[in-house]
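The values are calculated or read from the model by the stated rules, or taken from the named source; none is laboratory data. Everything quoted here is computed from the prediction, not taken from an experiment. Cβ placement follows ideal geometry from the backbone for every residue including glycine, while neighbour counts extend to all protein chains displayed.
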Amino acid sequence: MMGCSSSQQDVSIQQNKKSSINPYFESSSLGSIKTKNRIIMAGMSRLRADPKTNIPNDLMAEYYSQRASFGAIITESSAISSNSNAFPGSGNIYTLEQVEGWKKVVDKVHQNGGKIIIQLFHCGRVALPSFIGGELPIAPSPIGLTTPHFFTKQSYPVPKEMNKQDILNVIEQFKNAAINAKKANFDGIQLHAGNGYLIDQFLRDGTNKRTDDYGGSIPNRARFLLEVIDSISQVFGYDKIGVRLTPTGRYNEMYDSNPLELVQYLLKQFEKRNLGFVELKRHDKTNRKNIQQSAADDGLVDPELQMPNFFDSIRGLYKGCIILNDGITYEEGLKLLQQNKGDFISFGRYAVSNPDLPQRFQNNWELSDADQNTFYRGGDKGYVDYLTYEQSQSKNKS
Ligand SMILES: Cc1cc2nc3c(=O)[nH]c(=O)nc-3n(C[C@H](O)[C@H](O)[C@H](O)COP(=O)(O)O)c2cc1C
């Protein structure tokens, strides 16, 4: 049985349901992770942990537990080892203290009735040596980023090409991180296989120029991800593992010559394993004009032409559980769910500024906008001080 109840339902049942029940508020399951609605908080790095230790703290427990009414929360990118950390200040998961810190976060989310899934990642080439103990970043091929680092404006070095032993080491690190996530009581795992980090660097042919078993054909480029999945399945079980893919995204200077074929192959492999869920993030240029390179500038085929109706392409390829993301409004998400194009919608920026987003949707309450200036680092401001709608109403009255 594939993991998502909605995708297995008879179409006529779906049609009848559509008229009476708003699909956002149906209970469902992400693989075997039960959810009270179909509204997911997307993974977002907010960098509120100590940048030296990367130990999750009480402030983070407060932030995540405020959002326990989402069907499930996906955490910030959590680095699996000291040389995989792109973001000083993220809550990582390779030391005992980090595991203990996360356990407090998870417990508080559970106490508030929520579900929480950790996003495991390795940054690959997207690291400055100063973030990873002076080491050189590693990657499938020695191709460096050309744009400087976001905060520090320092240039990225050309990464070291991973040999077979490096690959085996990183797979082991993912497995250890999964063991740690289990100790911290997470409900599941999402592997970050998008946005230009290590797994994505293997998947896409713009960054993978290898000539061994891990490069060249699509099955070869997918091998690393599939080996990571198989390895962590010994810890969590396939039904509690998800993958995030951004096949057409250009963030971190990424590109693939045939994203549709790549996705098609990956989804087949996920189906074979009865994977818990897959999250697909489209290329939404309107959101991030300043950091998304224009494909046209490079003389490449625009990703939007490669998969022109991104959300339409997916369901026909996959029987499992699908989360859709990027630039989705309440109305568009409702349509996507009603048309059965996905099973869940994930929200990023709305989740930052509306801790009670599901209630706001349900009651048609006004949404708050997120302040970009407080996305990363800092303390409470722009992190735990966004009010619920009801709190803001009673504040206005007093
Ligand atoms: C502050 C911020 C941090 C983010 N960090 C991550 C991250 O750690 N991992 C990830 O997969 N995506 C990350 N994203 C992307 C979001 O998950 C999401 O894909 C994006 O915001 C688009 O969804 P939205 O239109 O609902 O905001 C981040 C986005 C924002 C705004």
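Tabulated data
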quantity	calculated
Qualifying position, being buried (at least 23 other Cβ atoms within 10 Å of the Cβ) and in contact with a Lys or Arg (Cβ under 9 Å, 6 or more places away or on another chain), among 122, 192	192
Residue list for the range 29-45, restricted to those being among the charged types (D, E, K, R) and surrounded by fewer than 24 Cβ atoms within 10 Å (Cβ to Cβ)	34, 36
Whichever residue in the range 259-289 is within 13 Å of the ligand (Cβ to nearest atom) and assigned to a loop (DSSP other than H, G, I, E, B) and, among such residues, is modelled with the highest pLDDT	282
Meets criteria (over 19 Å from residue 359 (Cβ atoms), among the small types (Gly, Ala, Ser) and modelled with pLDDT under 95) for residue 29	no
Qualifying residue in the range 49-69 (condition: part of a strand (DSSP E or B), under 25 Å from residue 332 (Cβ atoms) and within 14 Å of the ligand (Cβ to nearest atom))	no
Long-range neighbours under 7 Å by Cβ, at least six apart or interchain, first residue in contact (Cβ under 8 Å) with a residue 24 or more places away in the chain within the range 20-41, second of a type in the set (Phe, Trp, Tyr) and part of a helix (DSSP H, G or I)	24/361; 37/24; 37/25; 38/24; 39/24; 39/361
Top-ranked residue in the range 95-119 [being surrounded by fewer than 19 Cβ atoms within 10 Å (Cβ to Cβ) and part of a loop (DSSP other than H, G, I, E, B); ranked as nearest to the ligand (Cβ to nearest atom)]	95
Flag if residue 329 is at pLDDT 95 or above, exposed (fewer than 15 other Cβ atoms within 10 Å of the Cβ) and within 16 Å of the ligand (Cβ to nearest atom)	yes
Answer from 129, 159, 140, 88 - the residue that is within 16 Å of the ligand (Cβ to nearest atom) and either in contact (Cβ under 8 Å) with a residue 24 or more places away in the chain or in contact with a Ser or Thr (Cβ under 7 Å, 6 or more places away or on another chain) (or both)	88
Answer residue from the range 31-45, given it is away from the ligand (no atom under 11 Å from the Cβ) and touching a strand residue (DSSP E or B) at 6+ places or on another chain (Cβ under 6 Å) and is farthest from residue 239 (Cα to Cα) among those	38
Selection count where residues are surrounded by fewer than 17 Cβ atoms within 10 Å (Cβ to Cβ) and more than 14 Å from the ligand (Cβ to nearest atom), scope the range 337-364	6
Pair list, Cβ under 6 Å, 6 or more apart: the range 191-204 residue near the ligand (Cβ under 10 Å from one of its atoms), other residue modelled with pLDDT under 95 and among the hydroxyl-bearing types (Ser, Thr, Tyr)	195/251
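Here is a yes/no grid of residues against (1) in a helix (DSSP H, G or I); (2) closer than 19 Å to residue 238 by Cβ; (3) modelled with pLDDT of 95 or more:
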site	(1), (2), (3)
170	yes, no, yes
181	yes, yes, yes
185	no, no, yes
191	no, yes, yes
201	yes, no, yes
213	no, no, yes
221	yes, no, yes
225	yes, yes, yes
